[in-house]
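Undergrad: After the C-alpha cells below, expect a handful of questions from me.
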Amino acid sequence: MMSTQDLWTACLLIPALVLGIIGAVAAHRRRTALGLSLRHGAVTEFLAGCGFSLPFVLVLIGVMDLTGLVDGPEWIGGWASAAGIAVYFLVLFLLEEIAFRALLMTGLGVLIGRSGAWVITAVAVAGAYAFAPHTGVLPVAGAIITNLLTGLARWRTGRIWWGFGQRWLWNTAVVALGFTDSGFALQDGLMRQPLAGPSWLTGGGFGLEGGVVGIAFLVVMMLGVTLFARGRTGPWRISAGSGASDAPAASAPSARA
C-alpha cells in the first residue's frame, strides 16, 4: 500500500504534467526553456554539481565525528549496497528533477514568475516529508531548504543538470557512509555511524537534513550555489516574447539577463 508520503509526491505529478505543457508551449515560443537540453555541456554541469557537494560531505563527516555527534563509527565495506543506492538515486532523482524542477517549476514560472515558482515548488515538493518517519518542524524546514537549494541551482545554471549532480552526490554519499537521509538508511552500507546527541541537533531518525547541523550545511551550500553554479545556457529566464532557448549563453547574449 502506498504511504501518505509517496501519495503526496504522486499527486504532484498531475499539476507537474499540466504545468509542464504550459512550460513546453512557452519554450516552443522561445519565451523560456525547460532546462532539459543535453547539448552544450550537460554532463559537465552534472559533474560540476557532484564536485560541489563532495567537500561539503567530507567536512560534514569531520564535524559530526569531532563534535562527538557520532558514537563509534564502524567501517563495514558494503560496496554492493552503496553501488545499488547510487543507481537507485540516480534514476529516482532524474525523474524527480524532470517532473519538479523542469516541468512544474517552469510552468509555474511562466504563470507567476521565477521567484514565486522557485518557492512554491520547494514547499510543494517538501510537503511530502511532513508524513515521513520521525518528521517534525525541523525536518520539514530542512526539506524545504533542500528543495530551495536544488531549485536555485536550476535557476542559476538554466538547466536541471547541475542541481541533479549536486543532489545525487550529496544524498548518495550521506546514505552510503552510514547516515540517515529523510528517514531512509542502509543497514549494510560502507559505514555504520550511530548518531549521538539530541534529535534537534543531529536530525535523529529523520536524518541529517532534519537537524540544526545538517540545515546549517544546506544554508551554506545555498550561498555557495549563488557563487559557483554556472551553466553554458545562462540563468533560467522567462521573456515576454521570443528569445529564450537552451543554446549557449555565448551565442545568445540575452541569456544572462
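Undergrad: Under a 1.4 angstrom probe, counting protein chains only, how are Thr202, Thr226, Thr180 ranked by accessible area, largest first?
TA: Largest accessible area first, the list is Thr226, Thr180, Thr202.
Undergrad: Take the Cα gyration tensor of segment 183-239, multiply each eigenvalue by 5, square-root it, and list the three semi-axes largest first, rounded to whole angstrom.
TA: Listed largest to smallest, the semi-axes of segment 183-239 are 32, 15, 10 Å.
Undergrad: Mind checking the full-extension length gain between Thr4 and Val91? Use 0.36 nm per residue of separation minus the Cα-Cα distance, one decimal, nm.
TA: Answer, rounded to one decimal: 29.2 nm.
Undergrad: For segment 1-62, report the translational diffusion coefficient in µm²/s to the nearest whole number, using Stokes-Einstein at 25 °C, 0.890 mPa s, and a Kirkwood Rh over Cα pairs.
TA: After rounding, the answer is 162 µm²/s.
Undergrad: Would you work out which of Leu95, Ile21, Gly165 lies farthest towards the positive end of the dipole of the chain, given +1 charges on the beta-carbon of Lys and Arg and -1 on that of Asp and Glu, about the Cα centre?
TA: Checking the options against the dipole of the chain, the answer is Ile21.
Undergrad: Among the complete DSSP H segments of the chain, which ones combine at least 20 Å of alpha-carbon extent along their axis with a mean Kyte-Doolittle hydropathy of -1.0 or more?
TA: For the chain, where a helix must reach 20 Å along its axis and average at least -1.0, the hits are 4-28, 42-66, 79-96, 137-157, 161-176, 212-228.
Undergrad: Let me ask something else about it. Ignoring ligands, DNA and RNA, what accessible area per residue does segment 110-224 give at 1.4 Å, in Å²?
TA: Value for segment 110-224: 34 Å² per residue.
Undergrad: Same structure again: Considering only Ala122, Val57, Leu104, whose Cα is most displaced toward the positive end of the charge dipole of segment 39-150, charges sitting on Cβ of Lys, Arg (+1) and Asp, Glu (-1)?
TA: Toward the positive end, the furthest listed residue is Leu104.
Undergrad: Just how many % of Cα pairs in the chain lie over 33 Å apart, if you round to the nearest whole percent?
TA: For the chain, the fraction of Cα-Cα distances above 33 Å is 19 percent.
Undergrad: Okay, next question. Quote to one decimal, in nm, the extra length available between Trp75 and Ile14 on full extension: 0.36 nm per residue of separation minus the C-alpha distance between them.
TA: 17.7 nm
Undergrad: Who wins for biggest fluctuation among Arg232, Arg101, Arg29 in a Gaussian network model of the chain, springs between alpha carbons below 10 Å?
TA: Evaluated over the chain, the most mobile residue of the options is Arg29.
Undergrad: Can you give me the convex hull volume of the Cα atoms of segment 9-148, divided per residue and expressed in Å³?
TA: Cα convex hull per residue, to the nearest whole number: 150 Å³.
Undergrad: HN-Hα J couplings of segment 186-194 from phi, Karplus 6.51/-1.76/1.60, θ = phi - 60°, integer Hz, Gly and Pro as x?
TA: My calculation for segment 186-194 gives 9, 7, 9, x, 6, 9, 10, 10, x Hz in order.
Undergrad: To continue, here is another question. Would you mind checking which residues have amide H under 5 Å from Val70's amide H? H placed 1.01 Å from N; only 5 or more apart, or other chain.
TA: Ala196
Undergrad: Another question about this same structure. Per DSSP H run of n ≥ 4, the term is -39500 (n - 2.57); total these for the chain, divide by its residue number, and report the mean residue ellipticity at 222 nm rounded to 500 deg cm²/dmol.
TA: -19000 deg cm²/dmol
Undergrad: Could you tell me which of rounded, prolate or oblate describes segment 112-174, using a ≥ b ≥ c as the square roots of the eigenvalues of the alpha-carbon gyration tensor, with rounded for a/c under 1.5 and, failing that, prolate when a/b is larger than b/c and oblate otherwise?
TA: Here segment 112-174 falls in the oblate category.
Undergrad: Using a Gaussian network model of the chain whose springs link C-alpha atoms within less than 10 Å, name the residue from Arg39, Arg237, Arg114 with the highest mean-square fluctuation.
TA: Largest GNM mean-square fluctuation: Arg39.
Undergrad: Using a 1.4 angstrom probe and counting only protein chains, how large is the accessible area of Tyr129 in Å², to 10?
TA: 50
The values are calculated or read from the model by the stated rules, or taken from the named source; none is laboratory data. These numbers come from a predicted model, not from an experiment. As a convention, Cβ positions derive from the backbone with ideal geometry for all residues, glycine included, and neighbour counts pool all protein chains shown. Accessible surface areas use protein heavy atoms only, side chains included; no ligands, DNA or RNA. Shrake-Rupley method; radii C 1.70, N 1.55, O 1.52, S 1.80 Å.
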